[in-house]
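See structure below.
The values are calculated or read from the model by the stated rules, or taken from the named source; none is laboratory data. A quick note: this is a predicted structure, and the numbers were derived from the prediction, not measured. In this analysis, Cβ positions are derived from the backbone assuming ideal geometry, glycine residues included, and neighbour counts consider all displayed protein chains. Just the protein is used for accessible areas: all its heavy atoms, side chains included, with ligands, DNA and RNA removed. Shrake-Rupley method; radii C 1.70, N 1.55, O 1.52, S 1.80 Å.
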Amino acid sequence: MDKIRIRGGKALHGTLPISGAKNAALPLMAASLLTDQTLTLVNLPHLADITTLANLLSQHGVAMHMNGHASNGGHTGRVVELTAKEIISTTAPYDLVRKMRASVLVLGPLLARCGQAKVSLPGGCAIGTRPVDLHIQGLEQLGAEIELQEGYMVARAPKGLTGTRILFPKVSVGATENLLMAATLAKGETILANAAREPEVSDLAHCLVAMGARIEGIGTDTLRVQGVPSLHAATHEVIADRIETGTYAMAAAITGGDIELLGGRMEDLTAMVAVLRKAGASIKPTENGFRVSRTDAELKGVDVMTEPFPGFPTDLQAQMMSLMCAANGAAMITETIFENRFMHVPELTRMGADITVHGASALVRGVPRLTGAPVMATDLRASVSLVLAGLFADGETVLNRVYHLDRGYEHLEAKLAGCGADVERIKGEE
Ligand code: EPZ
């Protein structure tokens, strides 16, 4: 297996292109199941998770045609045409679903289009139990009958789905996306209340509108959908990845560098921008994105609590913790979305960090330096937090289990090296 070797201590300078968002691209690809016409997605990132979903979709009958390729280090992304002319299977098998939880996003579209679907329950996950009860309850409220059989959700809607008001008891990105897709083809009006407002949900909604769906309230916590009999072809550009953007913003801040994030959208990161400014970074919009620098200011400790959008994202919590390890002062970091998302703590501690975890909060006392070490992590964001720590640390850090990074960061080494980081991939045996 590949490893990544980092020799830390270099301030990063330069421009860094941001790729299309993984977490927007996945539901957008699933939306191709809703129509027999072609959905063209522009700016699709080249990532392992995208390939995993592509494999699942192709066994449902989606034909995929790749037009473009990543250029400029991924900034322009790829163009992919997805055509689900005929659904040849409504079953999403365990072997594919277990590789990636987002596979569950095929449930709503398959049920809405075919009146039936059999989707494996995704099973456990490193960051928490992550149930799918909200997806199931919401679809049942639209009239589906869902039974759990031998590890599968077996869903039927012989008379089609019918719109109603669904109040989510908890904000869920995936359940909002699944229900939104299903509602586009349901009879009558569906109201999704307490819906997730994440930019990826809005990106999906805009794409569905381009496909002929009738959706109001995009960007708010109440989505109103008037069902239509069918959707049609559309072309949609995937938004820039706000989590990748935030990760590299923190890379600039932790190394005392200056990076322009090309394509980065400050409006999707207001909570993080406020936190980084408080911590001592300067953040300014530019013509093509924004610029993050901390060339002479001291890095200060800032408390952070993760929350649904527009709050501070859980997907940036691990990276923020690495940043706070390097601060002058202490920071309390509280995780409210997932119950087990501190797996990076023991690894950061091995690099010399001073962190004490109390339940859902971690008290981080900044240290003058971290030292490089061999490290590994069990999830994507935890892995990249160790990359950030490695960029700051004295000496050499070798990150194992790089496949986690490959799930969500396109050309990570090339992008960092382009800004002067001493980082390389060591190819391993399979
Ligand atoms: C999405 O996951 C993202 N994944 C995650 O990104 C992200 O961490 C998460 O949203 C929160 O922002 C994709 O978009 C593909 P949720 P999702 O449903 O949709 C609970 C990354 O690193 N819940 O919003 O699965 C759940 O357990 C990843 O890129 C239920 O209780 O997250 C959690 O505590 C990891 N029942 C909370 O809601 C349900 O039926 C929010 O989860 C569904 C969720």
Would you mind getting me the FRET efficiency between residue 429 and residue 55? Use the beta-carbon distance for r and R0 = 22 Å, nearest 0.05. 0.40
What accessible area, in Å² to the nearest ten, does a 1.4 Å probe give for residue 98? 130 Å²
Classify the stretch 245-368 as rounded, prolate or oblate from the Cα gyration tensor: take a ≥ b ≥ c as the square roots of its eigenvalues, call it rounded if a/c is under 1.5, otherwise prolate when a/b beats b/c and oblate if not. oblate
Provide the solvent-accessible area of residue 302, counting protein heavy atoms only and rolling a 1.4 Å probe, rounded to the nearest 10 Å². 10 Å²
Just how large is the dipole of the stretch 75-126 about the Cα centre, in debye to the nearest 20, putting +1 at every Lys and Arg Cβ and -1 at every Asp and Glu Cβ? 100 debye
Counting only residues 5 or more places away or on other chains, whose amide H sits under 5 Å from the amide H of residue 305 once H atoms are built in the peptide plane? 334
Each label point is 7 Å from the Cα along the Cα-to-Cβ direction; what then is the distance between the points at residue 164 and residue 328, in nm? 5.9 nm
Using a 7 Å offset from the Cα along the Cα-to-Cβ direction at both residue 288 and residue 156, what is the distance between the two label points in nm, to one decimal? 5.6 nm
What ranking of 332, 66, 266 comes out by heavy-atom accessible area, probe 1.4 Å, highest first? 66, 332, 266
Within the stretch 375-407, find all residues whose amide N lies under 12 Å from a label point positioned 7 Å from the Cα of residue 369 along Cα-to-beta-carbon. 393-396
Given +1 on the Cβ of Lys and Arg, -1 on the Cβ of Asp and Glu, and no further charges, what dipole in debye does the chain carry about its Cα centre, rounded to the nearest 20? 160 debye
Please say if the chain is rounded, prolate or oblate, where rounded means a/c under 1.5 for a ≥ b ≥ c the square roots of the C-alpha gyration tensor eigenvalues, and otherwise the choice is prolate for a/b larger than b/c and oblate otherwise? prolate
Over the stretch 229-304, with neighbouring protein chains present, the accessible area per residue in Å² at probe 1.4 Å is 39 Å²
For the chain, give the percent of accessible area contributed by carbon and sulfur heavy atoms, probe 1.4 Å, rounded to a whole number. 50 percent
Computed over the stretch 92-202, protein heavy atoms only, probe 1.4 angstrom, the accessible area per residue in square angstrom equals 40 Å²
